[in-house]
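Worksheet for the structure shown next.
Values in this text are rule-based calculations from the coordinates and carry no lab data. Being a predicted model, the structure only gives us computed values, none of them experimental. Here the Cβ positions follow ideal geometry from the backbone for every residue, glycine too, while neighbour counts run over all protein chains shown.
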Ligand code: HEC
């Protein structure tokens, strides 16, 4: 390597470093001291009252009990997005709430038995009444 090549290399290196620090300097300071939280970390408050009573709001119960894995950014969503895309579907089908092929019975059996990377959810995690509401909400295929 001659001197001209060496100094050109150094110049490029310096430019890359300068460019990199400019990008970092331009990033907005995190609001409230921390970066915005992804949806799977912003679940609604769990409804108060008797968890064994039927008739709860399936969407809210899904977001509370399944959301930390199945909302946007959750590990269940990440795995299922890859699975659905390998089946030729669009990435939005990684979210269970966007699926139209799930039946309530299938949802219930996956929740109680677990499936591959998904751990089984006990009646303490999700009561039967809560699961009924969640399965009705997700089971758009009946
Ligand atoms: C600890 C994380 C976690 C929780 C909590 C969780 N899941 Fe899952 N779920 C997963 C993962 C990961 C998969 C993908 C499993 C695989 O194929 O490896 C999955 C898969 C599923 C599937 C199968 C989808 C398919 O295409 O076959 C259903 C249905 C499901 N979850 C429903 C639920 C419901 C309803 C709840 C809440 C009661 C829930 N899950 C809670 C992680 C979770």
### Query
How far apart, in nm, are two points set 7 Å out from the Cα along the Cα-to-Cβ line at residue 52 and at residue 115?
2.9
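Can you sort 126, 110 so the residue with the fewest Cβ neighbours within 10 Å comes first? Before the final figure, lay out each step's value.
Values: 126 23, 110 18.
The order, fewest Cβ neighbours first, is 110, 126.
Tell me whether the stretch 39-138 comes out rounded, prolate or oblate; compute the Cα gyration tensor, take square roots of the eigenvalues as a ≥ b ≥ c, and use a/c under 1.5 as the rounded threshold. Display every interim value, and only then the final one.
Details: a/c = 1.87, a/b = 1.58, b/c = 1.18.
Taking the square roots of the gyration eigenvalues as a ≥ b ≥ c, the stretch 39-138 is prolate.
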